[in-house]
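The values are calculated or read from the model by the stated rules, or taken from the named source; none is laboratory data. Quick caveat, the model's predicted, so the values are computed rather than measured. Glycine gets a Cβ as well: all are built from the backbone with ideal geometry, and neighbour counts include every protein chain shown.
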Amino acid sequence: MKIIPAIDIMNGGCVRLMQGDFSKKISYGNPLEQAKLFEGAGLRRIHVVDLDGAKMGSVTNITTLEILAKNTSLIIDFGGGIKSYKDACSVFNAGAQIISVGSMAIKNPELLGILLQEFGPEKIWIGADVKDEKIKISGWQQHTNLNIYDFIEDMITAGFNHFFCTDISKDGMLEGPATALYKAIKEAYPEIKLTASGGVSNLDDLNQLQQCGCDGAIVGKAYYEGNITLKQLAEF
């Protein structure tokens, strides 16, 4: 299972939210400094989320992405505010190797199909953000009535096989990930590549995610709060 440290960006800084609440923000310094720490420990990839972009509906922290790409050799997957073909191209040109889209899959499936044809399924990953098994979009600010399983099935049919799945109720809480949900998803769709996000609090949580079939795990607050060390992440 791949370990992917998270760098969430707001106003150019590295932050973490609690359950997607923009008013509950904790700052963790400079994104580049954090990225260099990950790289120095031997980690090879980071998950970068433009929180301003997700909230505003347009990519906002493109300069920060460029800085991260130019000053590290890390593989960067980037999400937040990608709403147009131009946005996607800008993000790739700024140095991201993978983009994550969620709202677009609901609001503009035609454009999503164009991106899939242009860039391929290895570069376009689907962000499935859920609360009570219902998809939420637009930086978790907007509810939908779409069930997570129906959403994944639709995306598989469309040609996608890489998914980030976040249980919003777990995000930033350090109370353990939604292992039952991830296990159920993998049992229903064993052919997909599933990366879990939200709730990881310690190494045991990572072991549980691996056992339930997850292909990757995003680690954020557990690292920033010192519950898991860089050395432990690298060794895992």
Checklist entry - Residue check: is residue 105 in contact (Cβ under 8 Å) with a residue 40 or more places away in the chain, farther than 18 Å from residue 194 by Cα and of a type in the set (A, V, I, L, M, F, W, C)? => result no
Next on the checklist: Among the residues of segment 97-140, what is the count of those that are crowded, with 18+ Cβ neighbours inside 10 Å, part of a strand (DSSP E or B) and touching a Ser or Thr at 6+ places or on another chain (Cβ under 9 Å)?
Outcome noted: 11
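Being more than 15 Å from the chain's Cα centre (by Cα) and either small (Gly, Ala, Ser) or part of a strand (DSSP E or B) (or both) is the filter here, so list the residues in segment 37-51 that pass it.
As a first pass, look at segment 37-51 and keep what is more than 15 Å from the chain's Cα centre (by Cα): 37-44.
Selection gives 40, 41, 42.
Could you list, in sequence order, the residues of segment 196-236 that are among the polar types (S, T, N, Q) and touching a strand residue (DSSP E or B) at 6+ places or on another chain (Cβ under 6 Å)? Spell out how you get there, then give the answer.
In the first step, residues of segment 196-236 are kept if they are among the polar types (S, T, N, Q); the result is 197, 201-202, 207-208, 210-211, 227, 229, 232.
If the condition is that a residue be among the polar types (S, T, N, Q) and touching a strand residue (DSSP E or B) at 6+ places or on another chain (Cβ under 6 Å), then 197 is the only one that fits.
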Item to check | Among (1) touching a Lys or Arg at 6+ places or on another chain (Cβ under 6 Å); (2) closer than 29 Å to residue 157 by Cα; (3) surrounded by 22 or more Cβ atoms within 10 Å (Cβ to Cβ), the one test that residue 213 misses | outcome: (3)
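Which residue out of 195, 179 is surrounded by 17 or more Cβ atoms within 10 Å (Cβ to Cβ), under 28 Å from residue 113 (Cβ atoms) and not hydrophobic (A, V, I, L, M, F, W, C)?
It is 195.
Yes/no per residue for (1) at pLDDT 95 or above; (2) touching a strand residue (DSSP E or B) at 6+ places or on another chain (Cβ under 7 Å); (3) on the phi < 0 side of the Ramachandran plot; (4) buried (at least 18 other Cβ atoms within 10 Å of the Cβ):
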| site | (1), (2), (3), (4) |
| --- | --- |
| 9 | yes, yes, yes, yes |
| 23 | no, no, yes, no |
| 33 | yes, no, yes, no |
| 36 | yes, no, yes, no |
| 40 | yes, no, yes, no |
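To keep it simple, each residue is scored yes or no on (1) under 24 Å from residue 137 (Cα atoms); (2) part of a helix (DSSP H, G or I); (3) aliphatic (A, V, I, L, M); (4) at pLDDT below 95.
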residue: 26; (1), (2), (3), (4): yes, no, yes, yes
residue: 53; (1), (2), (3), (4): yes, yes, no, yes
residue: 58; (1), (2), (3), (4): yes, no, no, yes
residue: 66; (1), (2), (3), (4): no, yes, no, no
residue: 86; (1), (2), (3), (4): yes, yes, no, no
residue: 91; (1), (2), (3), (4): yes, yes, yes, no
Checklist outcome for this item: Residues in segment 58-96 that are within 17 Å of residue 31 (Cβ to Cβ) and of a type outside the set (Val, Ile, Thr) total 17
